[in-house]
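Visitor: To start, I am sharing the structure in question, which I have written as structure tokens.
The values are calculated or read from the model by the stated rules, or taken from the named source; none is laboratory data. All figures in this text were calculated on a predicted structure; none of them were measured in a lab. Cβ coordinates were reconstructed from backbone atoms using ideal geometry, including for glycine residues, and neighbour counts include every protein chain displayed. SASA here: full protein model, heavy atoms, side chains in, ligands and nucleic acids out. Shrake-Rupley method; radii C 1.70, N 1.55, O 1.52, S 1.80 Å.
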Amino acid sequence: MRPTRRQLLLGGVGATALVGLGAAGLQLRPGVIRAPRRPLLALDPVAFSVIAAVADRVCPAVDGLPSAWELEVPERVDELMSRMEPGQATDVGRALLLLESPLVSVLFGGPPTPFTRLDGARQDAVLASWRDGRALRRTVWRAATQLVKGTYWSHPSTWQHIGYARPAWATP
Amino acid sequence: MIRIGAELTGDVDVACDVCVIGSGAGGGVLAAGLVARGLSVVILEEGGHHTSRDFRKADEAFSFSMLYQDRGTRATEDLAITLLQGRSVGGGTTVNWTTCFRTPERILEHWRRHHGSTLTAESLRPHFEAVEERLGIARWDAVPQNANNDALARGAAALGWTWERTRRNVRACANSGYCGFGCPFDAKQGMLLTTLADAVAGGADLYADTRAERIVVEGDRVVRVEARVLERERTRATGVSVVVRPRVVALCGGAVNSPALLLRSGITDGPVGRRTMLHPVVGMSGRYDEPVQGWSGAPQSVTVHDFVDRGPDRVGFFLEAAPVHPMLAGVSLPVVGADQAEAMGQLGFSSSLIAICVDGLVPGDEGGVVTVKGDGRPSVAYPFRPELVEAFASAHEVLAAAHLAAGAREVLSLHPVPVRLTSERDLPRLREAAYGGLRHGVFSAHQMGGCTFGPDPATSVVDLDLRHHRVPNLFVVDGSVLPTGLGVNPSETIYGLAHLAIDAVASTT
């Protein structure tokens, strides 16, 4: 069977080149590293920082909702990744590296700046371009945003906004 | 006896009559039947053993992390389709929404015509009757449908469609709406409480947290199954191995995992991994003036099948409702930022209706393909054929029409930039939207195929007795044997086929 496009991107021969390009780009122009509040279990500091930046934009503190950072969403994504197969965490890390890399960004017509160095409005624009881009970028967008959203909305501190509550019969 | 991983501190090497790999719909029914015949049975389950004591946490993050494949993140390789698939003792039956149907005659006829099947409604009848009795499968008339399902019923009635109440495998259901977390009240009659309990009471040994890594064949016979014990909290091997030396192996890991195990084991005869069907699901959210709170009440109590047969060259679909608790809703709604906050704020007033597309019936539709990665993980590639994309578009219009007829004040698609409709006049706008992979949310809760049955070894993996074509003491007894989508929720079909397989497996020992 022919490899899928995502396999070529994240797991095949093409992956080595593209991820290598992404890593080289970050060597030339590193992004902003966010300090986790507890030791990382699965993600590397770059992937953690990208998740944190994505979480800020995807789950902002609006309408009385807490921020993703306040709910420790990046650390909780890291914890979730640590429970998965090691290869899954590697795949996610590669996807986040591609989103962060200035060289990959330029390759796709974006700014020559690491994602984590952009201001909020430009991060929103980059995320929208990956969301609306060709299948490869949409896959990366989905990986990054779904991990964040699932983690954010599973937190009880978001439920008042929804009108949802843990049922009376639930045990701690 | 149920042995959990944390208690397994030394290597195990055990002989038995039958090794059942997987404890879901197929493995549970089969194991109970074999034990009832007096056979010694060892069941291997990679997931953990959880009970209603765990489920009463009502914690969505816990449930997805512990009870679903890949900690709730399983998806096709390009992430276009989210795959909800169970992973614990009881498999998918621990977390499914309890909706049961017998295999439709239309599908049985298709299998006879195109896949060499001999199955008929009459030949399956005693098997369905047996599992319906054991699992308490009956039409759910106990209470009125919840507002989420009632939207589908109202919309269907207003549009002249036929809707009906579903049948469910429950007893004394508390109508809580938490089926997908594992039943907190022991009302769901999944394998955990029924057939697995029967099997263990009858002497079966069930090893939880134990993943079958390889089925070892020498000559044309399986001689052993090699398994590793996993840490429950982290998917890592503890270093403890379990080796089972059975007379017969019944592979019951479900679609995706069963073909993957055959491939890892080098048992690659026939189209292993091919014809993987996903019943791809699209949905639309309807916002109502009155509270819906679709997370409360029996998840699926209404179904509409008016669109399941749209002709031989078109992909059909059937309609149901989906219960969306916050985490699943957050993942399912493709919007982000302030738009997401707004949408989630409306969740309690939103009904989520879904269209489940029936794959594998249109000529040339071969479904997806399961392969294994270098580290042994399964990978699912699923193409979006034009017929399926057309069905997605049509389903969106049907779902929107149902919502509007039911009184929704606004209907939103699951596109990253949703199509919004407030009246029937807006329906044509749905045709301007893009459909297909990564264009909008697509989900699958029904995985089938990959080890399909049939009489021809060139086009199937197991024969009509579910016995492997080349390895006579190897059976596959789960949803992976189904050659097409079903047009109904598949659990009862798997229960029935597993019950049917008991004789063949038992007689091979």
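Visitor: Being open to solvent by 40 Å² or more (accessible area, probe 1.4 Å) and not acidic (Asp, Glu) is the filter here, so list the residues in the stretch B:167-203 that pass it. Spell out how you get there, then give the answer.
Guide: Of the residues in the stretch B:167-203, the ones open to solvent by 40 Å² or more (accessible area, probe 1.4 Å) are B:167, B:171-172, B:174-175, B:185-186, B:193, B:197-198, B:201-203.
Answer for the stretch B:167-203, where residues must be open to solvent by 40 Å² or more (accessible area, probe 1.4 Å) and not acidic (Asp, Glu): B:Arg167, B:Arg171, B:Ala172, B:Ala174, B:Asn175, B:Phe185, B:Leu193, B:Ala197, B:Ala201, B:Gly202, B:Gly203.
Visitor: B:Leu159 versus (1) in contact with a helix residue (DSSP H, G or I) (Cβ under 6 Å, 6 or more places away or on another chain); (2) in the same structural domain as B:Leu193 (by TED's automatic domain parsing): which is the lone unmet condition?
Guide: Here B:Leu159 clears every test but (2).
Visitor: While we're looking at this one, here's another question. (1) out of contact with any His (no Cβ under 6 Å at 6 or more places or on another chain); (2) surrounded by 15 or more Cβ atoms within 10 Å (Cβ to Cβ); (3) on the phi < 0 side of the Ramachandran plot: which one isn't true of B:His127, the others all being true?
Guide: Here B:His127 clears every test but (1).
Visitor: Let me ask something additional. Being among the charged types (D, E, K, R) and open to solvent by less than 30 Å² (accessible area, probe 1.4 Å): is that true of B:Glu122 here? Walk me through it before giving the result.
Guide: Values: among the charged types (D, E, K, R): yes; open to solvent by less than 30 Å² (accessible area, probe 1.4 Å): no.
No, not satisfied.
Visitor: Taking A:Val77 as the residue in question, decide whether it is within 13 Å of chain B (Cβ to nearest Cβ), in a helix (DSSP H, G or I) and crowded, with 23+ Cβ neighbours inside 10 Å. Full working, then the answer.
Guide: Details: within 13 Å of chain B (Cβ to nearest Cβ): yes; in a helix (DSSP H, G or I): yes; crowded, with 23+ Cβ neighbours inside 10 Å: yes.
So A:Val77 passes the test.
Visitor: Working only within the stretch B:11-59, note down all residues that are within 14 Å of chain A (Cβ to nearest Cβ), in a helix (DSSP H, G or I) and crowded, with 24+ Cβ neighbours inside 10 Å.
Guide: Of the stretch B:11-59, the ones within 14 Å of chain A (Cβ to nearest Cβ) are B:46-48, B:50-59.
With in a helix (DSSP H, G or I) added as a condition, the list becomes B:52-55.
Selection gives B:Phe55 alone.
Visitor: If I ask for residues that are at the interface with another protein chain (Cβ under 7 Å from one of its Cβ atoms) and over 16 Å from B:Asp339 (Cα atoms), which ones from the stretch A:112-160 would you list?
Guide: Listed by number, the residues that qualify are A:Ala135, A:Arg138, A:Thr139, A:Arg142, A:Ala143, A:Ser154, A:Trp159.
Visitor: If you don't mind, there's one more thing I want to ask. Test B:Arg134 against the stated conditions and say whether it is part of a helix (DSSP H, G or I) and surrounded by fewer than 19 Cβ atoms within 10 Å (Cβ to Cβ). Steps first, answer last, please.
Guide: Numbers: part of a helix (DSSP H, G or I): yes; surrounded by fewer than 19 Cβ atoms within 10 Å (Cβ to Cβ): yes.
When the stated conditions are applied, B:Arg134 passes them.
Visitor: Taking B:Gly407 as the residue in question, decide whether it is over 15 Å from B:Thr276 (Cα atoms) and either within 14 Å of chain A (Cβ to nearest Cβ) or of a type in the set (Lys, Arg) (or both). So that I can check it myself, show each step before the final result.
Guide: Working: over 15 Å from B:Thr276 (Cα atoms): yes; either within 14 Å of chain A (Cβ to nearest Cβ) or of a type in the set (Lys, Arg) (or both): no.
Spelling it out, it is not the case that B:Gly407 is over 15 Å from B:Thr276 (Cα atoms) and either within 14 Å of chain A (Cβ to nearest Cβ) or of a type in the set (Lys, Arg) (or both).
Visitor: Would a scan of the stretch A:90-103 turn up a residue that is open to solvent by 30 Å² or more (accessible area, probe 1.4 Å) and within 14 Å of chain B (Cβ to nearest Cβ)?
Guide: Yes, there is a match, as at least one residue in the stretch A:90-103 is open to solvent by 30 Å² or more (accessible area, probe 1.4 Å) and within 14 Å of chain B (Cβ to nearest Cβ).
Visitor: Looking at (1) open to solvent by 50 Å² or more (accessible area, probe 1.4 Å); (2) within 14 Å of another protein chain (Cβ to nearest Cβ); (3) touching a residue at least 12 places away in the same chain (Cβ under 8 Å), which is the one condition that is false for A:Met84?
Guide: Every condition holds for A:Met84 apart from (1).
Visitor: Does B:Thr422 fit the bill of being hydroxyl-bearing (Ser, Thr, Tyr), out of contact with any Cys (no Cβ under 7 Å at 6 or more places or on another chain), open to solvent by 30 Å² or more (accessible area, probe 1.4 Å) and within 14 Å of chain A (Cβ to nearest Cβ)? It would help to see each step written out before you state the result.
Guide: On the way: hydroxyl-bearing (Ser, Thr, Tyr): yes; out of contact with any Cys (no Cβ under 7 Å at 6 or more places or on another chain): yes; open to solvent by 30 Å² or more (accessible area, probe 1.4 Å): yes; within 14 Å of chain A (Cβ to nearest Cβ): no.
It is false that B:Thr422 is hydroxyl-bearing (Ser, Thr, Tyr), out of contact with any Cys (no Cβ under 7 Å at 6 or more places or on another chain), open to solvent by 30 Å² or more (accessible area, probe 1.4 Å) and within 14 Å of chain A (Cβ to nearest Cβ).
Residue by residue, here is whether (1) in a strand (DSSP E or B); (2) buried (at least 23 other Cβ atoms within 10 Å of the Cβ); (3) at pLDDT 95 or above holds:
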{"site": "B:Val240", "(1), (2), (3)": "yes, no, yes"}
{"site": "B:Val243", "(1), (2), (3)": "yes, no, yes"}
{"site": "B:Val249", "(1), (2), (3)": "yes, yes, yes"}
{"site": "B:Gly270", "(1), (2), (3)": "no, no, yes"}
{"site": "B:Gly273", "(1), (2), (3)": "no, yes, yes"}
{"site": "B:Asp313", "(1), (2), (3)": "no, no, yes"}
{"site": "B:Ala329", "(1), (2), (3)": "no, yes, yes"}
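Visitor: Note down all Cβ pairs under 8 Å where the first residue falls in the stretch B:492-509 and is open to solvent by less than 10 Å² (accessible area, probe 1.4 Å) and assigned to a helix (DSSP H, G or I), the second is acidic (Asp, Glu) and modelled with pLDDT of 95 or more, and they're at least six residues apart or on different chains.
Guide: Once the first residue is open to solvent by less than 10 Å² (accessible area, probe 1.4 Å) and assigned to a helix (DSSP H, G or I) and sits in the stretch B:492-509, its partners that are acidic (Asp, Glu) and modelled with pLDDT of 95 or more give B:Glu492/B:Glu132; B:Ala498/B:Asp478; B:Ala501/B:Asp465.
Visitor: Then there's this: Go through B:Ser123, B:Ser117 for me and flag whichever is farther than 27 Å from B:Arg287 by Cα, in the same structural domain as B:Gly27 (by TED's automatic domain parsing) and touching a helix residue (DSSP H, G or I) at 6+ places or on another chain (Cβ under 6 Å). Outline the logic, then answer.
Guide: Working: B:Ser123 fails: touching a helix residue (DSSP H, G or I) at 6+ places or on another chain (Cβ under 6 Å).
Only one candidate passes the filter, namely B:Ser117.
Visitor: Hey, does the stretch B:149-166 have a residue that's hydroxyl-bearing (Ser, Thr, Tyr), open to solvent by 30 Å² or more (accessible area, probe 1.4 Å) and either more than 27 Å from B:His325 (Cα to Cα) or not in a strand (DSSP E or B) (or both)?
Guide: Applying the first criterion (hydroxyl-bearing (Ser, Thr, Tyr)) to the stretch B:149-166 yields B:162, B:166.
Still in the running and open to solvent by 30 Å² or more (accessible area, probe 1.4 Å): B:162.
Still in the list and also either more than 27 Å from B:His325 (Cα to Cα) or not in a strand (DSSP E or B) (or both): B:162.
Looking for residues that are hydroxyl-bearing (Ser, Thr, Tyr), open to solvent by 30 Å² or more (accessible area, probe 1.4 Å) and either more than 27 Å from B:His325 (Cα to Cα) or not in a strand (DSSP E or B) (or both), one finds at least one in the stretch B:149-166, hence yes.
Visitor: Select from the stretch B:432-464 the residues that are outside any loop (DSSP other than H, G, I, E, B) and acidic (Asp, Glu) and list them in ascending order. Quick ask: steps written out before the conclusion?
Guide: Taking the stretch B:432-464 and keeping what is outside any loop (DSSP other than H, G, I, E, B), we get B:432, B:443-444, B:448, B:453, B:462.
Within the stretch B:432-464, just B:Glu432 meets the criteria.
Visitor: Exactly one condition in (1) in a loop (DSSP other than H, G, I, E, B); (2) more than 9 Å from chain B (Cβ to nearest Cβ); (3) surrounded by 15 or more Cβ atoms within 10 Å (Cβ to Cβ) is false for A:Gly109; which is it?
Guide: (3)
Visitor: Here's another thing I want to ask about it. Please go through the stretch A:116-138 and give me each residue that is touching a Phe, Trp or Tyr at 6+ places or on another chain (Cβ under 9 Å) and not in a helix (DSSP H, G or I), ordered by number.
Guide: Matches in the stretch A:116-138: A:Gly133, A:Arg134.
Visitor: For residues that are without any contact (Cβ under 8 Å) to a residue 12 or more places away in the chain, open to solvent by 20 Å² or more (accessible area, probe 1.4 Å) and closer than 30 Å to B:Ala153 by Cβ, tally how many sit in the stretch B:340-385.
Guide: 2
Visitor: Go through the stretch A:41-62 and report how many residues are in a loop (DSSP other than H, G, I, E, B) and within 14 Å of chain B (Cβ to nearest Cβ).
Guide: Residues in the stretch A:41-62 being in a loop (DSSP other than H, G, I, E, B) and within 14 Å of chain B (Cβ to nearest Cβ): 6 in total.
Visitor: For the stretch B:298-311, name all the residues that are farther than 30 Å from A:His155 by Cβ and either open to solvent by less than 10 Å² (accessible area, probe 1.4 Å) or not in a loop (DSSP other than H, G, I, E, B) (or both).
Guide: Taking the stretch B:298-311 and keeping what is farther than 30 Å from A:His155 by Cβ, we get B:302-311.
If the condition is that a residue be farther than 30 Å from A:His155 by Cβ and either open to solvent by less than 10 Å² (accessible area, probe 1.4 Å) or not in a loop (DSSP other than H, G, I, E, B) (or both), then B:Val302, B:Thr303, B:Val304 are the ones that fit.
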